[in-house]
Amino acid sequence: MKIAIAGASGRMGRMLIEAVLNDPGATLAGALCRPDSPQLGEDAGAFLGQRTGVALTDDLDSVFGAADCLIDFTRPEGTMAYVEAALRHGKKLVIGTTGMTDEQRETIRAAAQRIGIVFAANMSVGVNVTLKLLEFAARHFATGYDIEIIEAHHRHKVDAPSGTALAMGEAIAGALGRDLKACAVYGRHGVTGERDPSTIGFSAIRGGDIVGDHTVLFAGTGERIEITHKSASRVSYAQGAVRAARFLAERGTGLYDMQDVLGLR
């Protein structure tokens, strides 16, 4: 599988490049960066002391021309440009970008009618197994337990709640037969009144260099259950994304997520 990386000059982009280089089933075919990046033109493996023969570029068409699939963990506006280019070239996408609007999500769903796309808020195997655990727990704690989702990330994260926290909320709401948009509560302030037992609460913490911590609290009378996932590095995200790209190599058109990639459906 010939894979290109978006945001290749950033921290996550570099981890993705390293993951591709270390995967015997993948070949690095392209590395995209911003036009104003000081690394523009450098070898994509320079940060590892390796020569890959792939230079960092801002030329979308040349990258999509060389690759089978692009992995994108950038920003929503960048992702929309990559979706358009992927459609133009008939190439596949692995999208880990968060903070999407409903309209942008619909654009991705429409694109998946013509190309193969894996779109997931978190590519970690551990997080996706946790989502299945949450579905199971939610069904058994459907009555008499209040549900709160607490997430913590580094000071540079621009969206809140995190995409992973929202995915957890969606998994729980789905298991309970609820609509997350109707029952979510994002933070509290002032005189809020008693807690509505049908709601799912979200709290976001931002600080330091926290990679990503997520806890779901099921609080009942006389007991509470906490299901927690903590990321110590982004390596698991990168490895999962490459796994998703290899999954797409054997698929045609369609919209998939990591539950599909990992066979957790």
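Read the figures in this text as sums done on the coordinates, not as results from a lab. The shown structure was predicted, so the numbers you read here are calculated from the model rather than taken from an experiment. Ideal geometry is used to build each Cβ from the backbone, glycine not excepted, and the neighbour counts take in all protein chains shown.
Brief remarks follow.
- Along the chain, the longest continuous region that contains none of the GluC sites (Glu not before Pro) in a DSSP loop with at most 10 other C-beta atoms within 10 Å is 1-193.
- Relative contact order, percent, the range 125-231 [alpha-carbon distance under 8 Å, six or more residues apart]: 40 percent
- Prolate/oblate/rounded label for the range 125-231 (Cα gyration tensor, a/c 1.5): oblate
- Pairs of Cα atoms nearer than 8 Å and 6+ residues apart set the relative contact order; for the range 172-215 it is 34 percent.
- Normalising the average separation of contacting C-alpha pairs (under 8 angstrom, six or more residues apart) by the number of residues puts the relative contact order of the chain at 21 percent.
- Centre-to-centre separation between the Cα atoms of the range 141-205 and those of the range 35-106: 32 Å.
- Extension gain for HIS189-ASN22 works out to 55.4 nm (0.36 nm per residue, less the C-alpha to C-alpha distance).
- Taking trypsin sites (Lys or Arg not before Pro) across the range 193-247, the ones in a DSSP loop with at most 13 further Cβ atoms lying within 10 angstrom of their Cβ are ARG195.
- ARG206 versus THR228: modelled label distance in nm, points set 7 Å from Cα along the beta carbon direction: 2.3 nm
- Radius of gyration and Dmax over the Cα atoms of the chain, both given in Å: 19.4, 61
- Cleavage-rule hits, trypsin sites (Lys or Arg not before Pro), the range 32-104, DSSP coil, Cβ neighbours within 10 Å at most 14: ARG51
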